[in-house]
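Only one structure is covered here, and it is reproduced in the block below.
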Amino acid sequence: MNTLAKKRLKSIYAHTILILASILFLVPFVWMVSTSFKPITQVFTFPPEFLPRPFQWENYIEATKYIPFWTYTWNTAVITGLSTLGVVLSCPLVAYSFAKLRWRGRNTLFAITIGVMMIPTQVTMIPLFLLFNQLGWVGTNLPLIVPAFFGIPFSIFLLRQFFKGLPDTLREAAKIDGASEWRIYWQIMFPLAKPAVLAVALFQFMAAWTDFLGPLIYLTDEAAYTLSLGLQQFQNQQGSQWHMMMAVSTLMTLPIIVLFFFMQKTFIRGITFTGIKG
Amino acid sequence: MAKLETGKAPRVRVSRKRSNESLAGWLFALPWIIGLLLFFAYPLISSIYYSFTDYSILQSGKFIGLANYRELFQDELFWISIYNTIYFAVLFVPLSIIFGVALAMVLNMRVRGMAVYRTIFFLPTLVPHVALAILWIWLLNPQFGLVNAVLDWFGIQGPPWLGSTFWSKPALILMSLWGIGQAVIIYLAGLSDISQEYYEAAEVDGASFLQKTFYITLPLLTPVIFFNLVMGFIGAFQQFTLPYTMTQGSGSPADSLTFYVMYLYDNAFSYFRMGYASAMAWILFVIIMALTAIVFWSSKRWVHYQGD
């Protein structure tokens, strides 16, 4: 067999494996989308039917009226947008300081940061709730936004690994030209770290967009609810509105899919693990 | 003289630069230093204190010593929730590593259309957990669920899944495995870090696919596997959203899906027993720390770093 034929055969194998596995991962998702177009009666047929009969795109309109969909979307977007901004502003700055600047206490502080990653959120959850309660923040979205501006250990860790991989000569050259530490960071290092910053931003975006426990604890007023909390309202004493629930779930998932599809290369490049030992 | 001057002048400049750098370092790290004190150190310390008090939001804490801990050890639901959580973690974490690594290797092949494949495998991670939970209740429904319908094609009578105390936890593990995309992304990054030279050298020596996998890929991936193992255990012990939404907080059937953090949440925010819940949080912390320590300790035997 010549090399070209060998290559072709190899690629056929690869695609077969990939397609078979894809189906397994795709089925539940496709099911969600197809259910979102079904009439509620068809949801409970056995054996399950794949194609909606009739095709009810009105489910989407009904669903957005059943719960205050646009209000919840806006609330979710505000929390997600601002907390992602917070992470992008704070984490690279701190990570850069840990990776490239020499100062006393740096290594101790970094070790503490790694330790903090191991603390389950539940340990800090109750005192934080009591603290935010005293500040009068419970019932507002501030507890879900403000902490991001002070840095998140996992993101700091990831970004530090990335900055470590950038050559020191860049810094030295800029210093000889008389650039200040801030200028070196903001005009040279931050732009170079873009893939890693994007990765961290996407992680935060996803976490905030789909967060459930945080909003469940802190948002008391229904007008301030997020989409995650809103989804629960389709399950009630009168029965579950599966078709509408799936419509909102589909709407909620779409923006992240689009984001991931276009960013996945940068995303993977951003998470480099050379020197994971720290 | 000239020699001394040239030797001295730069040294002064260096030390001034050093102190500038030192100041910049502190200032750059300042947000995190504040964050660390405010959002980690302070709550951590107060959580220890609260765990020794009878604390509800309505009345301020009364110091009661070890009473919370003593009560916990006699609390049946506490033990049930620990059992459920460990059951889940012990099965889910190793399975997620095996499937995750295999999947990452498949997604690391060089073929056309990889962006689409990768997005497909990442899809379940992108679906909000609440939606995921609700979708799966229905996929696993014994009467009109898709899973049992598929099993039916093969002549297999599907189990009642979430209706049975025996099958409810395996069902949750199955659902969770479907969402391992995040770990896979990290494995992928690890795979792309492995230098191609190793494979080229092995191919010259005529190594088979399995040999390359077991002698190159897996050993060099161990730092990433280690990272995901630690993160996986931490995550598994904090299992909350899926079982909480699926059971609407009840952990049914018969508390077979009452997980540790669900019970902790109930104590804190349904019964307002903040002190009791704080004691639970600390026990969780100790368990995770102990497990992490074991994993770290064992890592010396099986984690290899490139260049070692």
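The values are calculated or read from the model by the stated rules, or taken from the named source; none is laboratory data. Predicted model only: the values in this text are computed from it and were never measured. Here the Cβ positions follow ideal geometry from the backbone for every residue, glycine too, while neighbour counts run over all protein chains shown. Just the protein is used for accessible areas: all its heavy atoms, side chains included, with ligands, DNA and RNA removed. Shrake-Rupley method; radii C 1.70, N 1.55, O 1.52, S 1.80 Å.
The single condition from (1) surrounded by fewer than 15 Cβ atoms within 10 Å (Cβ to Cβ); (2) modelled with pLDDT under 90; (3) assigned to a helix (DSSP H, G or I) that residue B:230 fails is (1). For segment B:34-60, the tally of residues that are open to solvent by less than 30 Å² (accessible area, probe 1.4 Å) and not aromatic (Phe, Trp, Tyr) stands at 8. Filtering segment B:238-293 to residues that are among the polar types (S, T, N, Q), under 18 Å from residue B:47 (Cβ atoms) and assigned to a helix (DSSP H, G or I) leaves B:267, B:278.
Does residue A:190 satisfy the condition of being open to solvent by 30 Å² or more (accessible area, probe 1.4 Å), in a helix (DSSP H, G or I) and within 20 Å of residue A:144 (Cα to Cα)? So residue A:190 does not fit the description; no. Count of segment B:285-304 residues, restricted to those that are open to solvent by 50 Å² or more (accessible area, probe 1.4 Å) and within 8 Å of chain A (Cβ to nearest Cβ), is 1. Scanning segment A:171-187 for residues that are away from chain B (no Cβ under 11 Å), within 32 Å of the chain's Cα centre (by Cα) and open to solvent by less than 50 Å² (accessible area, probe 1.4 Å) turns up nothing. Screening A:226, A:210, A:253 for residues that are buried (at least 20 other Cβ atoms within 10 Å of the Cβ), more than 8 Å from chain B (Cβ to nearest Cβ) and under 25 Å from residue A:31 (Cβ atoms) leaves exactly one candidate, A:226. Among residues of segment B:268-284 that are more than 7 Å from chain A (Cβ to nearest Cβ) and within 19 Å of residue B:86 (Cα to Cα), those with a beta-carbon under 9 Å from a residue that is among the acidic types (Asp, Glu) and open to solvent by 10 Å² or more (accessible area, probe 1.4 Å) at least six positions away or on a different chain give the pairs B:279/B:71. Of the residues screened, residue A:75 is one that is touching a helix residue (DSSP H, G or I) at 6+ places or on another chain (Cβ under 8 Å), more than 11 Å from every other protein chain (Cβ to nearest Cβ) and either closer than 30 Å to residue B:148 by Cα or not acidic (Asp, Glu) (or both).
Annotation: of all residues in segment B:94-118 being small (Gly, Ala, Ser), open to solvent by 10 Å² or more (accessible area, probe 1.4 Å) and assigned to a helix (DSSP H, G or I), the one that is farthest from the other protein chains (Cβ to nearest Cβ) is B:96.
Scanning segment A:193-221 for residues that are in a helix (DSSP H, G or I) and farther than 27 Å from residue B:239 by Cβ yields a count of 5. The residue of segment A:102-122 that is least open to solvent (accessible area, probe 1.4 Å), among those that are in contact (Cβ under 8 Å) with a residue 60 or more places away in the chain and farther than 16 Å from residue B:28 by Cα, is A:114.
All conditions in (1) over 21 Å from residue B:41 (Cβ atoms); (2) open to solvent by 40 Å² or more (accessible area, probe 1.4 Å); (3) within 20 Å of the chain's Cα centre (by Cα) hold for residue A:79, with the sole exception of (2).
Out of segment B:119-162, which residues are touching a residue at least 60 places away in the same chain (Cβ under 8 Å) and either open to solvent by less than 30 Å² (accessible area, probe 1.4 Å) or in contact with a Pro (Cβ under 6 Å, 6 or more places away or on another chain) (or both)?
Correct list: B:121, B:122, B:130, B:132, B:133, B:134, B:136.
Annotation note: of A:72, A:96, the sole residue that is more than 30 Å from residue A:225 (Cβ to Cβ), within 24 Å of the chain's Cα centre (by Cα) and surrounded by 12 or more Cβ atoms within 10 Å (Cβ to Cβ) is A:96.
Name the residue that is farthest from the chain's Cα centre (by Cα), counting only residues in segment A:5-20 that are among the hydrophobic types (A, V, I, L, M, F, W, C) and within 24 Å of residue B:115 (Cα to Cα). Once the filter is applied, the top-ranked residue is A:9.
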